[in-house]
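This is the structure I want to talk about, given as structure tokens.
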Amino acid sequence: MPSANQTQVEVQRLKDQMAQMRASTVEQIAQLKVEAVSREVEAQRKYDELQLQLKEEAAVKEAVREVRQQENMTNSGHNFKI
């Protein structure tokens with residue numbers, strides 16, 4: 001049977017181990033949160049980049065459509081039959 005002193009030492013050792021495990025868990029959680037925020041920021045950056053590309057493509061398509069429309073209007077006035 002362990003003495004009261006040995007029991008106290010063992011209890012303290014277990015408390016210290018639990019505190020260390022708790023601190024390690026808190027550190028891991030904090031690291032996971034940092035990684036999640038980093039992924040979220042990167043996803044938002046990529047989303048914004050794709051949105052900009054879509055807007056640019058839409059603007060180019062609209063400009064091409066307008067040019068073709070102008071060309072069609074100009075060419076329709078020069079249709080001469082011989």
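Yes/no per residue for (1) of a type in the set (D, E, K, R); (2) surrounded by fewer than 10 Cβ atoms within 10 Å (Cβ to Cβ):
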residue	(1), (2)
3	no, yes
11	no, no
25	no, no
31	no, no
35	yes, no
42	yes, no
50	no, no
66	yes, no
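Could you say which residue among 49, 10, 57 is within 13 Å of the chain's Cα centre (by Cα) and of a type outside the set (Val, Ile, Thr)?
49
Where a number appears in this text, it was derived from the coordinates with a stated rule and is not lab data. Being a predicted model, the structure only gives us computed values, none of them experimental. No Cβ is skipped: glycine too gets one built from the backbone with ideal geometry, and neighbour counts run over all protein chains shown.
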